[in-house]
Amino acid sequence: MKKHQVLIDPSKCTGCGLCVKTCVAHNIELENKKAKTLLKNCLMCGQCTAVCPGKAVTISGYDAEEIKEKIETSLKPQEVLDVIRFRRSIRQFKEKNIPYEVINQILEAGRYTHTAKNMQDVSFVVLDKEKDKIEQLAVRLFKKYKPFADIFSPMARHYTIDSHFFFFKAPIVIVILSKNKTNGILAAQNMEYVAEANGLGVLFSGYFTMAANTSFKIKKALKIPKGKHAAMTLVLGYPDVRFLRTVQREPLDVKFL
Ligand SMILES: Cc1cc2nc3c(=O)[nH]c(=O)nc-3n(C[C@H](O)[C@H](O)[C@H](O)COP(=O)(O)O)c2cc1C
């Protein structure tokens with residue numbers, strides 16, 4: 001028995017065919033004006049459930065209570081673009097804790113982010129009490145490799161690896177784990193937006209992510225399961241710096257073919 005199955009309630013199905021049109025896997029057809037699944041490869045993406053006007057299609061094995069009816073929201077394009085233009089990496093944080101509800105909302109943004117083939121392979125490790133201890137494992141690792149990095153990287157020579165090199169005294173760090181790296185990084189970006197909407201500042205820590213994927217000790221401390229990797233690390237806290245304007249960037253590099 002599969003973990004999830006697409007179920008169609010014929011008493012609710014009006015035969016409108018919207019699920020048939022929407023199904024990317026061609027897994028639904030109409031028979032005698034009723035939808036029926038062909039039990040072929042199904043991504044369990046749920047588009048058939050979301051498009052059905054009569055709520056005739058469901059997927060078993062999920063919490064049905066969490067389905068929400070769509071609310072028409074109108075995001076203004078310029079405001080969305082401004083969110084992207086004004087966001088900055090934050091490396092100075094206030095000594096202020098983040099409420100659990102806010103952390104939970106950020107995690108929900110990650111959970112709801114789309115994944116390739118609907119893999120849903122993304123999970124999260126929130127570093128709270130163990131944060132400093134785990135940061136020190138990464139500090140030790142980077143200190144060990146710094147002399148070699150200094151030879152090859154002029155940028156590495158500019159860095160001093162102090163004891164807050166990775167997390168900048170932020171109150172919370174979320175390590176995003178995934179099988180497919182792109183899936184984890186997409187989740188990270190959406191999480192950042194929800195964090196910013198809550199007044200938080202965020203830093204993507206590529207360095208800690210690298211340390212987590214290199215060191216067996218850090219992997220063990222983070223309890224990274226087999227087959228998964230750290231895709232990105234979000235360093236989160238209330239910003240103790242206020243940026244007043246956008247920064248300059250290279251001109252748009254684009255070709256229309
Ligand atoms: C994938 C990724 C990894 C990054 N890793 C680090 C990091 O480990 N440490 C750090 O201080 N900044 C890190 N940054 C921040 C970049 O240095 C920063 O985004 C860039 O300098 C532009 O500044 P801005 O984010 O304020 O626009 C990272 C950014 C990205 C997108």
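Within region 71-91, which residues are open to solvent by 100 Å² or more (accessible area, probe 1.4 Å) and within 14 Å of the ligand (Cβ to nearest atom)? Of everything in region 71-91, those that are open to solvent by 100 Å² or more (accessible area, probe 1.4 Å) and within 14 Å of the ligand (Cβ to nearest atom) turn out to be ARG85, PHE86, ARG91.
Among the residues of region 32-57, the ones that are within 14 Å of LYS70 (Cα to Cα) and of a type in the set (A, V, I, L, M) come to 2 in all. Checking ILE90, ILE134 one by one, the residue that is among the β-branched types (Val, Ile, Thr), in contact with a helix residue (DSSP H, G or I) (Cβ under 6 Å, 6 or more places away or on another chain) and more than 30 Å from LYS12 (Cα to Cα) is ILE134 and no other. So, SER163, is that one open to solvent by less than 70 Å² (accessible area, probe 1.4 Å) and within 13 Å of the ligand (Cβ to nearest atom) or not? No.
From ALA35, ALA25, grab the single residue that is out of contact with any strand residue (DSSP E or B) (no Cβ under 6 Å at 6 or more places or on another chain), more than 22 Å from ASP63 (Cβ to Cβ) and open to solvent by less than 50 Å² (accessible area, probe 1.4 Å).
ALA25
The set of residues from region 1-57 being out of contact with any helix residue (DSSP H, G or I) (no Cβ under 9 Å at 6 or more places or on another chain) and among the small types (Gly, Ala, Ser) comprises SER11, GLY15, GLY17, ALA25, GLY54. Evaluated against (1) surrounded by 13 or more Cβ atoms within 10 Å (Cβ to Cβ); (2) more than 19 Å from LEU203 (Cβ to Cβ), VAL102 falls short on exactly one condition, (2).
The single condition from (1) more than 20 Å from the chain's Cα centre (by Cα); (2) outside the structural domain of LYS129 (by TED's automatic domain parsing) that VAL83 fails is (1).
The values are calculated or read from the model by the stated rules, or taken from the named source; none is laboratory data. Since this is a predicted model, take the numbers as computed values, not measurements. A quick note on method: Cβ atoms are made from the backbone with ideal geometry, for glycine too, and the neighbour counts reach across all protein chains shown. Note: areas computed on protein heavy atoms with side chains; ligands, DNA, RNA excluded. Shrake-Rupley method; radii C 1.70, N 1.55, O 1.52, S 1.80 Å.
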